[in-house]
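Student: What follows is a single structure, and I will ask about it in a moment.
The values are calculated or read from the model by the stated rules, or taken from the named source; none is laboratory data. Just so we're clear, the structure is a prediction, and the values are computed from it rather than from any experiment. All Cβ positions, even for glycine, are placed from backbone atoms using ideal geometry, and neighbour counts span all protein chains on display.
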Amino acid sequence: MANARKPVVHRLTNRRESQWGERERARGEEAVRTLLSHVGEDPTREGLQRTPLRMVQALEFLTSGYQQDPKDAINGALFVEEDYQEMILCKDLDFYSLCEHHLLPFMGKAHVAYLPNKRIVGISKLARMVEIYCRRLQVQERLTTQIAQTLMEEIDPLGVAVVLEAEHLCMRMRGVQKQNSKMTTSAMLGAFRTNVETRQEFMNLIRNGK
Ligand SMILES: [Zn+2]
């Protein structure tokens, strides 16, 4: 994994169980009230009374990926398929994540492909793995690499290709306000890196294929 600051993974027996204790939640809510005051608001006015609680709960959900191991999503769903050796592509997978610089959303489409080497994984598990990485504070480049490397390690295919196309609200809503800019990142491993034709086939499929 390219992430140097590997999160400590706690496994929750019950997923709805809060990852934060009562004390952490109360402190989180207090921090939100402080921020509300800083922007010139009155945190005690009616419309804002439950905002700290809601924001803390939203943040817990949006960062719940720290409590889950992306490899677990894939591990249980691998099956052997000796005969199929063509590219498997999961195209236009919607994703939503939070940029670690501004805690604002970035979202878009993920295209994930691999060239199987006797082992295949269910598409829904693949989407689940992407989602776990998305529910952490991210930069798009690292997210792309993490998805590709995890697939490479867990499925052991001949190659992996990942392309992420995303719009970042931190660019759209603040600063430069480039309304229509999109960012594209890619990670090519194995055959997708070494074989131009394989890479080209993938690029053609995500651009115009079905
Ligand atoms: Zn940002």
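Student: Looking at the range 115-210, what strands (runs of 3 or more DSSP E) fall wholly within it and have at least 2 residues that are modelled with pLDDT of 95 or more, in contact with a strand residue (DSSP E or B) (Cβ under 6 Å, 6 or more places away or on another chain) and within 24 Å of Glu81 (Cα to Cα)?
Tutor: 159-168, 183-190
Student: Okay, next question. If you go through the range 62-101, how many residues are in contact with a Cys (Cβ under 9 Å, 6 or more places away or on another chain) and not in a helix (DSSP H, G or I)?
Tutor: 6
Rundown of residues vs (1) outside the structural domain of Met203 (by TED's automatic domain parsing); (2) within 17 Å of Glu165 (Cβ to Cβ); (3) within 16 Å of the ligand (Cβ to nearest atom); (4) buried (at least 17 other Cβ atoms within 10 Å of the Cβ), yes/no style:
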{"residue": "Val80", "(1), (2), (3), (4)": "no, no, no, no"}
{"residue": "Ile88", "(1), (2), (3), (4)": "no, no, no, yes"}
{"residue": "Lys91", "(1), (2), (3), (4)": "no, yes, no, no"}
{"residue": "Asp94", "(1), (2), (3), (4)": "no, yes, no, no"}
{"residue": "His101", "(1), (2), (3), (4)": "no, no, yes, no"}
{"residue": "Gly108", "(1), (2), (3), (4)": "no, yes, yes, yes"}
{"residue": "His111", "(1), (2), (3), (4)": "no, yes, no, yes"}
{"residue": "Asn117", "(1), (2), (3), (4)": "no, no, no, no"}
{"residue": "Gly122", "(1), (2), (3), (4)": "no, no, no, no"}
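Student: Report, by residue number, each residue of the range 67-85 that is in contact (Cβ under 8 Å) with a residue 12 or more places away in the chain and among the acidic types (Asp, Glu).
Tutor: Asp69, Glu81, Glu82 - these are the residues of the range 67-85 that are in contact (Cβ under 8 Å) with a residue 12 or more places away in the chain and among the acidic types (Asp, Glu).
Student: Another question, then. For the structure I just gave you, tell me whether Arg136 is in contact with a Gly (Cβ under 6 Å, 6 or more places away or on another chain) and within 16 Å of the ligand (Cβ to nearest atom).
Tutor: Yes, satisfied.
Student: Something else now. In the range 151-206, how many are away from the ligand (no atom under 16 Å from the Cβ), more than 23 Å from Ala73 (Cα to Cα), in contact (Cβ under 8 Å) with a residue 60 or more places away in the chain and of a type in the set (A, V, I, L, M)?
Tutor: Counting residues in the range 151-206 that are away from the ligand (no atom under 16 Å from the Cβ), more than 23 Å from Ala73 (Cα to Cα), in contact (Cβ under 8 Å) with a residue 60 or more places away in the chain and of a type in the set (A, V, I, L, M) gives 3.
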